[in-house]
C-alpha cells in the first residue's frame, strides 16, 4: 500500500499559511526566538469560542481546518497530533493561580485546557468528529510517533483521510528556562545569519503544521510518503550512518537516488557536528537543504521539514532560502529528511513524487 500526502497547512514563523508564494522571501528576526505568524482566526473559529482558547489551540484548529479545506475533505477518519510540551500557556496560568489563590477556589478552565491532547480534542469538537483521536507526547519524536500511528492505521485499514499534525508554542517562561539550560543562544542575531555564527545554542521556534494522509492516488496529492524511521541515542557517527544505510536499503534506495537531503542543522556547533560527520560519508554528491533558520528549533520542527519537502516535490522547485550550497536538481523527485533533536531523538523520512 502506498501512502500519500493529500494536503498540508502550516502556521509558522514564515509566511506559509493560506494562498501565499512558496517561501519567496525571508521573514527576518533579530532575536533568539521566532514567533508564529498567526492568521485571522475568525475565518476558522467562532469569535466567542476563540476567547477561551489559548494561542496554540487556535493555531492548531486553524491549521487543521485549512488542511481539510485544501484536501477537500469534510470529515477526517482520525485526528492525531504530536507535541512535546503541550499547552504551556495554560499550564503556566493554572500553576500561577494555584499559588496566587492558595489552592482554593481555582477556576477549572486553565487546567482543562492545559492537557497535551487539548488541540486534538478541540479539532474534533469543531468538526463534531467522533473518530479515532490520539496525541503523542514523546519528546523529540512526538510528531514522528503520530505519523507512524497514522501509517499503521492506513495500512491496517482502520481509517482513511487521516488528519495529523505537530503543534508547539513558545511562551516567555518556557523560553527563559530553555535558554538557561543552554538550548538557545544568549545574544540576539538575525535568523538569516544562523549558520554563519559558529557558537553554542540555536534559536527557538513554534508552529502548527497539519497534513492529510490517505491511500488514494490523485493528481492533487502533494507527494508520496515512502517510509519513516526513528532511532534513539546512537553512540557514534558510525551508528548513525548504519541506521541511514539500513533505512535506504530497506526501501530499495541508494544514496545516489536521493535528489535532495533536508537536514535539521540549527546553528549549534554541537548539534550540527552530527550532520558534519555523516553527510560526507554518505551524501557528498547530493544536493542539501536546511530549514531551522526559517522555523526555529522546537521538538516537532521536523513537521516543517515534511511540509517543505512535500511542497518542493509538488511545485518542482527548491526555494533559494533553504538551499545549502549548489542544488544539482532543481526539480527533485525523491527527498530524504534527516533530523535529530539534541542528538537523542533521530528520525528519517523518505518522500517521493506520486
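The values are calculated or read from the model by the stated rules, or taken from the named source; none is laboratory data. None of the values given here were measured: they were computed from a predicted structure. Cβ placement follows ideal geometry from the backbone for every residue including glycine, while neighbour counts extend to all protein chains displayed.
Summary table
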| quantity | calculated |
| --- | --- |
| Yes/no for residue 282 being within 22 Å of the chain's Cα centre (by Cα) and within 27 Å of residue 202 (Cα to Cα) | no |
| Positions within the stretch 325-341 being at pLDDT below 95 and under 18 Å from residue 267 (Cβ atoms), in sequence order | 325 |
| Qualifying positions in the stretch 146-181 - closer than 28 Å to residue 93 by Cα and part of a helix (DSSP H, G or I) | 146, 172, 173, 174, 175, 176, 177, 178, 179, 180 |
| Residues within the stretch 38-71 that are without any contact (Cβ under 8 Å) to a residue 12 or more places away in the chain and part of a loop (DSSP other than H, G, I, E, B), tallied | 3 |
| Scope the stretch 180-196; condition over 21 Å from residue 304 (Cβ atoms) and touching a residue at least 12 places away in the same chain (Cβ under 8 Å); matching residues | 182, 186, 187, 188 |
| Residue check for residue 290: over 19 Å from residue 10 (Cβ atoms) and buried (at least 18 other Cβ atoms within 10 Å of the Cβ) | no |
| Which listed residue, of 262, 244, 258, is in contact with a helix residue (DSSP H, G or I) (Cβ under 7 Å, 6 or more places away or on another chain) and farther than 30 Å from residue 179 by Cβ | 244 |
| Test: residue in the stretch 192-208 that is closer than 30 Å to residue 158 by Cα and in contact with a strand residue (DSSP E or B) (Cβ under 8 Å, 6 or more places away or on another chain) | yes |
| Residue, farthest from residue 151 (Cα to Cα), within the stretch 29-55, restricted to residues that are surrounded by 14 or more Cβ atoms within 10 Å (Cβ to Cβ) and touching a strand residue (DSSP E or B) at 6+ places or on another chain (Cβ under 6 Å) | 32 |
| Only one of 251, 221, 246 that is touching a strand residue (DSSP E or B) at 6+ places or on another chain (Cβ under 7 Å) and surrounded by fewer than 17 Cβ atoms within 10 Å (Cβ to Cβ) | 251 |
| Odd one out for residue 95 among (1) crowded, with 21+ Cβ neighbours inside 10 Å; (2) in a helix (DSSP H, G or I) | (1) |
| Test for residue 345: is it crowded, with 23+ Cβ neighbours inside 10 Å, touching a residue at least 40 places away in the same chain (Cβ under 8 Å), touching a strand residue (DSSP E or B) at 6+ places or on another chain (Cβ under 8 Å) and within 20 Å of residue 267 (Cα to Cα) | no |
| Test result for residue 318, touching a helix residue (DSSP H, G or I) at 6+ places or on another chain (Cβ under 8 Å), closer than 29 Å to residue 28 by Cβ, touching a residue at least 24 places away in the same chain (Cβ under 8 Å) and in a loop (DSSP other than H, G, I, E, B) | yes |
